[in-house]
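Q: This is the structure, below, for whatever I ask next.
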Amino acid sequence: MPKTGPAKKVTSSVEERLLRVLVVEDNPADAELVLRELKKAGFACSADKVETREEFLNRLDTASYDLILADYNLRGWTATDALDYLQQQGKDIPFVLVTGTLGDEAAVECIKQGAADYVLKDRLARLPAAVDRALREKAQRDEAAQLQDRILRAKKEWELTFDSVADPVVLLDDEGHIQRANRAAAALLGVEPRQLIGRLCYETLHGREDPLPTCPHQLIRKTGEVARGDVYESHLGKVFDTSVTPLRDPSGGLSGCIYVMHDVTERKRAEQALRQSEEKFAKAFRSSPDAITLATVGEGRYVEVNPGFLRLSGYRREEVIGHTVFELNLWADPAGRAGLIEQVRQQGAVSNREIAFQTKTGEVRTGLLSAELIEFDGEPCLLAITRDITERRQAEEQVRQLNQELEQRVAERTAQLQTANEALARANQMKSDFLADMSHELRTPLNSILGFSELLLERATGLTPKQRDDLGIVHRKGQHLLALVNDLLDLSQIESGQVLLDWNLIPVQDTLACILDAFAVRLREKNLKHSLEVTPPDLRIHADPRRLEEILTNLIANAIRFTQRGGIAVRARAVNQHVEFSVEDTGIGIRAEDQARVFDKFFQAHHSAETSGIGTGLGLAIAKRLVELHGGRLWLESTPGTGSRFFFALPRSQPLPAPGSPPGERP
């Protein structure tokens, strides 16, 4: 063992093993002196000696060494060549120069290339301490690498605790873009984790506009190996021990890295934060009202259970831990567990699976189980959460029984309503028949009155102006009454099911143009503009031509009737499998409270002096029923004082017959 204090302290870590040393020296006598100095200091050594570059490379390829002692100047090569090779091969072997003379510049270059120290041959007494220091630094590097490896394994096993890690951790892609950041990293930078995603490492972590040359991420992109080092972040005022571990794709290429920043000035605070985080999860485990268990997959042997499980099962903790689910007879159907395990093996997890389990007293209860396959102490285990839903299932059964009773009552009431509806339908039919008969009876005298009044107006002579005005009033009122009778007859036929549609393929453009031509005189009399737009121009539709004309005539007549200035616009366009018609005016509009009632029979929304008494109040009701008879719908948009726009949409193709309809009848 080394005699000096520092040497004794350091080499205690290697006293139980033989130190494998490679001596690179072309002077055998000097090589012996070097080894003798080590043995004198208490090192137990097994040494190989090489002189040439070829021997050096061969030894490194065929054997492993704890230490390399090398002269600087060798025949045909130098120690820097040896250091270059070690760096290229990624071999971390303590390297100490033992040379006759070495300038400061050469010494600094060797240290930069990885040499741990150098000792002049005329001062070999320094060699044990230099070796001790090199071995200690190597042990520290190994310990740090092992610590890093443990951190990575822990992250993989407990990836859900990513955000609880006290140190700032970010996941970078190969270009340095942040893919994920934990809450510690976000808190360090004063942002939310999601705000870091996609940002560049050097802009976010280093506060720079370009990459920091000493950043470990830049080093790892060059070497592909784990990089670490102290980095001072001036914009944060902190020094971090930064470690960057490469992530590789299946082909071995660099795909990204894990960037860990450890604030060396806050080590104790970080440890405390980690303990608090662990306690938080432990409290959540203990305080959950649901049953939480951790059991081995193979035997079903319980490793851990929470108080919620003990309350639910009735067992004490010592009766459960170390025992299997089969020994405790917890599963009412053991085959159900086999199915659960198979599902978890295939999918990795199961969610909300209903199970039956037995308590300690033998009571069978119903639970809702979610489970995930995890590895605990190197063994696959099932982490399961079970919620007792026994009372809920009982309540659901009661609701089901009540629903059955309710359905029975509804069926009875439905039968009663059916009977009442049939009576109502008969009464409605009688009403429609009466209206039809009455309309026919009224038409004959009305036509006579209209004919004679029109004849008198055209041919009678010697009538005073007042008599002529009175005859005009009789004629106009007769026309209004005849229109009302005709509308009543149409409505009664529609409501009684007597209207059958005569389906034809209609050219929309020509049909609308003809209808507008019929209103040309009225439009000129009121000095109103009008427009027609059909998209596409060759648009066609299956419909009853007479009934389609009746619908549009009612809508256009209304638009002209209630428009004093401006004009009307008639449009039709193809919308998927329908044709949408619209009639827009710049008239007085319809109040919001009246819009829901305008399609009711005899309802008239306009009560101004200009429009009072105009129309029968049946036109829109008839139009709506004819649209529905075609399988379409009618609606409106209106703003008082601005105008109204009535829409109706009809299927482009003829609808199929309603079930049970007579041949040729269409809905």
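Where a number appears in this text, it was derived from the coordinates with a stated rule and is not lab data. This is a predicted model, so every value here is computed, not measured. Cβ atoms come from the backbone with ideal geometry, glycine included; neighbour counts cover every protein chain shown.
Q: Alpha carbons only, please: Rg and Dmax for the stretch 179-326, in angstrom.
A: That works out to 22.1, 64 Å for Rg and Dmax.
Q: Here's something else I'd like to know. With just the Cα atoms of the stretch 241-365, tell me how far they stretch along each of the three principal axes, in Å, largest first.
A: 58, 40, 24
Q: Give, as ranges by residue number, the residues of the stretch 379-416 whose backbone N falls under 15 Å from the point 7 Å along Cα→Cβ of ASN352.
A: The answer is 386-389, 393.
Q: How far apart, in nm, are the 7 Å Cα→Cβ label points at ALA411 and THR80?
A: 10.0 nm
Q: Please report ASP122, ASP173 as a ranked list, fewest other C-beta atoms within 10 angstrom at the top and most at the bottom.
A: The order, fewest Cβ neighbours first, is ASP122, ASP173.
Q: Here is a follow-up. Would you work out which of ILE341, ILE355, LEU406 lies farthest towards the positive end of the dipole of the stretch 329-410, given +1 charges on the beta-carbon of Lys and Arg and -1 on that of Asp and Glu, about the Cα centre?
A: LEU406
Q: With r defined as the distance between the Cβ atoms of LYS466 and ARG522 and R0 fixed at 30 Å, what FRET efficiency is calculated, to the nearest 0.05?
A: Taking R0 as 30 Å, the efficiency between LYS466 and ARG522 is 0.65.
Q: Then there is this: Per the Cauchy relation, a quarter of the hull surface: what is the mean projected area of the convex hull of the alpha carbons in the stretch 128-258, in nm²?
A: So the mean shadow area of the Cα hull is 9.5 nm².
Q: Of the listed peptides 219-231, 542-554, what is their order by residue-averaged count of other C-beta atoms within 10 Å, with the highest listed first?
A: Packing proxy ranking, top to bottom: 542-554, 219-231.
Q: Now a separate question. What does the charge count near LEU172 come to, summing +1 for each Lys or Arg and -1 for each Asp or Glu among other residues with Cβ under 12 Å from its Cβ?
A: 0
Q: Using the Kirkwood radius built from alpha carbon pairs, what does the Stokes-Einstein equation give as D for the chain at 20 °C and 1.002 mPa s, in µm² per second?
A: 58 µm²/s
Q: Now for a separate question. Given the chain, what percent of its DSSP beta bridges are antiparallel, to the nearest 5?
A: The antiparallel proportion sits near 75 percent.
Q: Using 0.36 nm times the number of residues separating SER46 and ASP104, minus their current alpha carbon distance, what extension gain do you get?
A: 17.7 nm
Q: Please work out how much length the chain gains when fully extended from THR214 to ALA187, using 0.36 nm per residue of separation minus the C-alpha to C-alpha distance, in nm with one decimal.
A: Separation in residues times 0.36 nm, less the Cα-Cα distance, equals 7.3 nm.
Q: Taking the Cβ of each residue in CYS45, CYS215 as the centre, tally the other Cβ atoms inside 10 Å and list the residues starting with the fewest.
A: CYS45, CYS215
Q: Can you pull the one-decimal nm distance between simple spin-label points at GLN401 and GLN577, each 7 Å off the Cα toward Cβ?
A: Placing both labels 7 Å along Cα→Cβ, they lie 4.7 nm apart.
Q: Here's another thing I want to ask about it. Work out the length of the dipole vector of the chain about its Cα centre, built from +1 on the beta-carbon of each Lys and Arg and -1 on the beta-carbon of each Asp and Glu, and round it to the nearest 20 debye.
A: Roughly 1620 debye for the chain.
Q: Follow-up question, since we're still on this one. Counting only helical runs of four or more DSSP H residues, what would the 222 nm mean residue ellipticity of the chain come to if each run contributes -39,500 (n - 2.57) and the total is spread over all its residues?
A: Calculated mean residue ellipticity at 222 nm is -14500 deg cm²/dmol.
Q: With the crude spin-label approximation of a point 7 Å out along Cα→Cβ, what separation in nm comes out for ARG311 versus GLU143?
A: That separation, rounded to one decimal, is 4.6 nm.
Q: What is the order of TYR302, TYR85, fewest Cβ neighbours within 10 Å to most?
A: TYR85, TYR302
Q: Convert each backbone phi in the stretch 573-590 into a coupling constant with the Karplus relation 6.51 cos²θ - 1.76 cosθ + 1.60 (shift: θ = phi - 60°), then list the ³J(HN,Hα) values in order as whole Hz, x for Gly and Pro.
A: Using θ = phi - 60°, the values come out as 8, 7, 10, 6, 9, 10, 10, 9, 9, 8, 10, 10, 10, 10, x, 7, x, 10 Hz.
Q: Given axes a ≥ b ≥ c from the Cα gyration tensor, I'd like to know whether the stretch 55-124 is rounded (a/c under 1.5), prolate (a/b larger than b/c) or oblate.
A: It is prolate, given that a/c is not under 1.5 and a/b is the larger ratio.
Q: Please list, in chain and number order, the residues 5+ apart from GLY566 or on another chain whose amide H is under 5 Å from its amide H, with Hs placed from the backbone.
A: Distant-sequence amide H within range of GLY566: LYS529.
Q: In addition: With the contact rule set at Cα under 8 Å and sequence spacing of 6 or more, what percent relative contact order holds for the chain?
A: Over the chain, the number comes to 5 percent.
Q: On a full-extension model of 0.36 nm per residue, what is the gain between GLU391 and ASN27, subtracting their alpha-carbon distance, rounded to one decimal in nm?
A: Stretched out fully, the GLU391 to ASN27 stretch lengthens by 122.0 nm.
Q: I'd like the distance separating the alpha-carbon centroids of the stretch 176-250 and the stretch 316-358, in whole Å.
A: What the calculation gives is 45 Å, centre to centre.
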